[in-house]
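Derivation of every value follows stated rules applied to the coordinates shown; laboratory data play no part. Keep in mind that what you see is a predicted model, and the values were worked out from it rather than measured. Cβ placement follows ideal geometry from the backbone for every residue including glycine, while neighbour counts extend to all protein chains displayed.
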């Protein structure tokens, strides 16, 4: 005899998700998404910071290479400004043509590339360094003796500089100014930056006598 099931088909239910299970799943997904975004954002920020540090290091290295090239090729020649008579001193600590609120330096250097003197200028170059609006700038003229009304070419070297100073070594001690008509044995440049603090570099120049070359980079205590 065939026996039929007493359970009606209307009583058979398909089991689904409860509201609590859905909320838990959404919460877990949100936590995973937030963690992934945080990791991704940290990686992007780290990469951007690394690029900024690398660019800053390149800026400093390039600037000090230029400064070293200029100072080590300093010439025993004075500067003539605006068609006037040559200045008496070989190194100018300040000048109206290189005016700034901070200490500046100006001199003539050898070695400005001009193969065979093909260009209508000398292979010597009048250069200067100054601090303007927290930027260390290098200035130069097309001609070693500038003519009346000639404006110097300006090249920014180091940004975020708060202080700039120079010192001159006479064989016994460092001096803040150089009033002599000769060249010192060495010139030091101190640059106070916002991120690296005090940076000091010392360069030999073709003066009289011999001293040891020194260089130092560090933060002021």
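Based on other C-beta atoms within 10 Å, arrange 31, 66, 91 from fewest to most. Intermediate values should be presented prior to the final figure.
On the way: 31 10, 66 15, 91 24.
Ordered by Cβ neighbours within 10 Å, fewest first: 31, 66, 91.
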Can you sort 174, 112 so the residue with the fewest Cβ neighbours within 10 Å comes first? 174, 112
With each pseudo-label sitting 7 Å past Cα toward Cβ, what's the residue 50-residue 114 distance in nm, one decimal? 4.6 nm
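Exposure proxy check: 71, 60, 19, 44 ranked by fewest other beta carbons within 10 Å?
So the ranking, lowest neighbour count to highest, is 19, 44, 60, 71.
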Length gained when the stretch residue 43-residue 175 is fully extended (0.36 nm per residue, less Cα-Cα span): 42.7 nm
